Amino acid sequence: MNLLTLLDLALDVARRVSLQTATRVDDELLDLLEAIRDDPTLRTWIGGKLLQPPGALAIETQPSSPVAAALAARRIDWTKLLSYLPQIIEILQLVRALAGRGNLVQSH
C-alpha cells in the first residue's frame with residue numbers, strides 16, 4: 001500500500017474518532033496528519049520513520065533543511081511534531097495492518 005493511500009485511510013479513521021471527542025489534542029493530530037499527507041517532503045520523512053523496525057524510533061534533534069522548510073511553510077512547530085510522532089507512527093502502522101487484512105474500508 002502506498003504512503004499517500006495509507007495517510008488518507010489514517011485521516012479517515014482519525015476524523016471519525018475525532019467526532020466522538022471534544023479535545024484539542026485530536027484536532028492537532030488531524031492537522032499534523034493532513035500536513036504530512038499534503039506535503040511531499042513531510043511524506044518522505046514520515047515514510048522513512050515507517051521503515052524503521054517495530055518498537056524502534058530514531059528521531060533527529062533538529063529537522064533537515066527540507067523538512068524545516070516544509071514545516072515553516074505549514075506553520076508547524078518541530079517540537080509539536082516530535083511530541084505527536086509516536087502516535088502518528090502507531091496510527092499509520094495500525095491502519096496499514098487493518099487495511100492489509102481487509103478490515104478497513106475507506107469511505108468518501
**OP:** For segment 49-61, state whether one or more residues are under 17 Å from N2 (Cβ atoms), under 9 Å from the mean Cα position of the chain (by Cα) and modelled with pLDDT under 95.
**Re:** no
**OP:** Please report, ordered by residue number, the helices (runs of 4 or more DSSP H) entirely within segment 27-103 with at least 1 residues that are of a type in the set (D, E).
**Re:** 78-101
Subject >> Residue satisfying all of: in segment 5-26; surrounded by fewer than 13 Cβ atoms within 10 Å (Cβ to Cβ) and closer than 21 Å to R74 by Cα; nearest to the chain's Cα centre (by Cα) among these >> reply: V25
**OP:** Please work out which one of (1) of a type outside the set (K, R); (2) open to solvent by 30 Å² or more (accessible area, probe 1.4 Å); (3) free of Cβ contacts under 8 Å to residues at least 60 places away in the same chain is the condition I36 fails and give its number.
**Re:** (2)
Original post:
What pairs can you find where one residue is in segment 66-84 and in contact (Cβ under 8 Å) with a residue 24 or more places away in the chain, the other is assigned to a helix (DSSP H, G or I) and of a type in the set (V, I, T), and their Cβ atoms are less than 8 Å apart, with a gap of 6+ or different chains?
Top reply: P66/T41; V67/T41; A69/T41; A70/T41
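The values are calculated or read from the model by the stated rules, or taken from the named source; none is laboratory data. As the structure is a prediction and not an experimental result, all values here were calculated from the model. FYI the Cβ positions are ideal-geometry reconstructions off the backbone, even for glycines, and counts take in every protein chain you see. Protein only, heavy atoms only, side chains kept; ligands, DNA and RNA dropped before computing areas. Shrake-Rupley method; radii C 1.70, N 1.55, O 1.52, S 1.80 Å.
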